[in-house]
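Enquirer: Here it is: the structure, laid out below.
The values are calculated or read from the model by the stated rules, or taken from the named source; none is laboratory data. The shown structure was predicted, so the numbers you read here are calculated from the model rather than taken from an experiment. Note: ideal-geometry Cβ built from the backbone for every residue, glycine included; neighbour counts use all protein chains shown. Heads up: the accessible areas ignore ligands, DNA and RNA and are worked out on the full protein's heavy atoms, side chains in. Shrake-Rupley method; radii C 1.70, N 1.55, O 1.52, S 1.80 Å.
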Amino acid sequence: MLTQSQVKEMFDYREDGKLIRKFSSGRCGKAGSVVGCYNSKNLGTRDCRYISTKIHGKGWRVHRLIFLYHHGYVPEQIDHINRDCTDNRIENLRPADASLNAINRKLFSNSTSGARGVSWHKHQQRWFVYVDVNKKRKNIGYFNDLELAELVANEARDKYHSNSFQI
């Protein structure tokens, strides 16, 4: 397992969220160069391109190295607070679990409402509001007005997830 001291021996951190190599390694890693590149395998349905590198033959996402560099450990998951997975500034990274990461994800492209936690219910012919709590969906209610449904969804998220955003 990689340690904080090993990462600090290999790289310097810049305030713009980049790691800089201290030593040349391999054929593409020259001393003074920015660490990492976009890997097409990282493209998923969320269209997020994480910056990756290899250390001793093991693939690493650069945001995980930056977190380790600053905090000395790597949490289960790391959340990009501003939802930009290329913005690896330490102030944009926070420890997370699957629930927090899901709360902070971008809207899916097939969203019917354009609002998080609100979808169109065909049978009711109204907007359906829900919030996911501890991997279970909690039904909040049905609304005729989209703006009201979005407001209720925001309040429900605040109520059920208020502690999730504390580090």
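Enquirer: Report the gain in length on full extension from Arg83 to Glu155: 0.36 nm times residue separation, minus Cα-Cα distance, nm rounded to one decimal.
Expert: 23.8 nm
Enquirer: Compute the FRET efficiency between Lys30 and Lys54 as 1/(1 + (r/R0)^6), taking r as their Cβ-Cβ distance and R0 = 22 Å, and round to the nearest 0.05.
Expert: E(calc), rounded to 0.05, equals 0.90.
Enquirer: For the chain, take the alpha-carbon Rg, divide it by the Kirkwood Rh, and send me Rg/Rh. Don't jump to the answer; show the numbers that get you there.
Expert: Details: Rg = 19.9 Å, Rh = 18.2 Å.
Over the Cα atoms of the chain, Rg/Rh equals 1.09.
Enquirer: Given H placed 1.01 Å from N in the peptide plane, which residues other than close sequence neighbours of Ile51 have an amide H under 5 Å from its amide H?
Expert: For Ile51, whose amide H was placed from the backbone, the distant partners under 5 Å are Val62, His63.
Enquirer: Please give the helix 62-71 orientation as an angle from the longest Cα principal axis of the chain, in degrees from 0 to 90, rounded to the nearest 10.
Expert: 80 degrees
Enquirer: Right, another one. With every protein chain kept in place and ligands, DNA and RNA left out, what is the accessible area per residue of the chain? Probe 1.4 Å, answer in Å².
Expert: 64 Å²
Enquirer: Sticking with this structure for a sec: PRE reach from Phe23 (point 7 Å along Cα→Cβ): which of segment 51-65 fall under 18 Å by backbone N?
Expert: Backbone N within reach: 54-58.
Enquirer: Enumerate lysine pairs in the chain that are 8 or more residues apart or on different chains, then count those whose Cα atoms are under 19 Å apart.
Expert: 19
Enquirer: Round to the nearest 10 and report in Å² the accessible area of Tyr142, as given by a 1.4 Å probe over the protein chains' heavy atoms.
Expert: Ignoring ligands and nucleic acids, Tyr142 comes out at about 80 Å².
Enquirer: A further question follows. In segment 59-92, which residues have a backbone nitrogen under 20 Å from the label point lying 7 Å from Ala98's Cα in the Cα-to-Cβ direction?
Expert: Label zone hits: 74-80.
Enquirer: Suppose a student asked you for the relative contact order of segment 57-167, using Cα pairs under 8 Å spaced at least 6 residues apart; what percent would you report?
Expert: 16 percent
Enquirer: Using +1 at the C-beta of Lys and Arg and -1 at the C-beta of Asp and Glu, which of Ile20, Ala153, His123 has the Cα lying farthest in the positive direction of the dipole of the chain?
Expert: Result: Ile20.
Enquirer: Okay, next question. Let me spell out the model: positive unit charges on the Cβ of Lys and Arg, negative unit charges on the Cβ of Asp and Glu, origin at the Cα centre of the chain. What dipole size does that give, in debye rounded to 20?
Expert: Computed about the Cα centre, the dipole is about 760 debye.
Enquirer: For the chain, which whole-number percentage of the solvent-accessible area (1.4 Å probe, protein heavy atoms only) is attributable to carbon and sulfur atoms?
Expert: 48 percent
Enquirer: Please give the helix 146-161 orientation as an angle from the longest Cα principal axis of the chain, in degrees from 0 to 90, rounded to the nearest 10.
Expert: 60 degrees
Enquirer: A follow-up question, please. In 5 Å bins starting at 0, how do the alpha-carbon pair distances of segment 96-138 split up by percent?
Expert: Bins of 5 Å from zero give 5, 20, 25, 27, 15, 6, 2, 0 percent of pairs.
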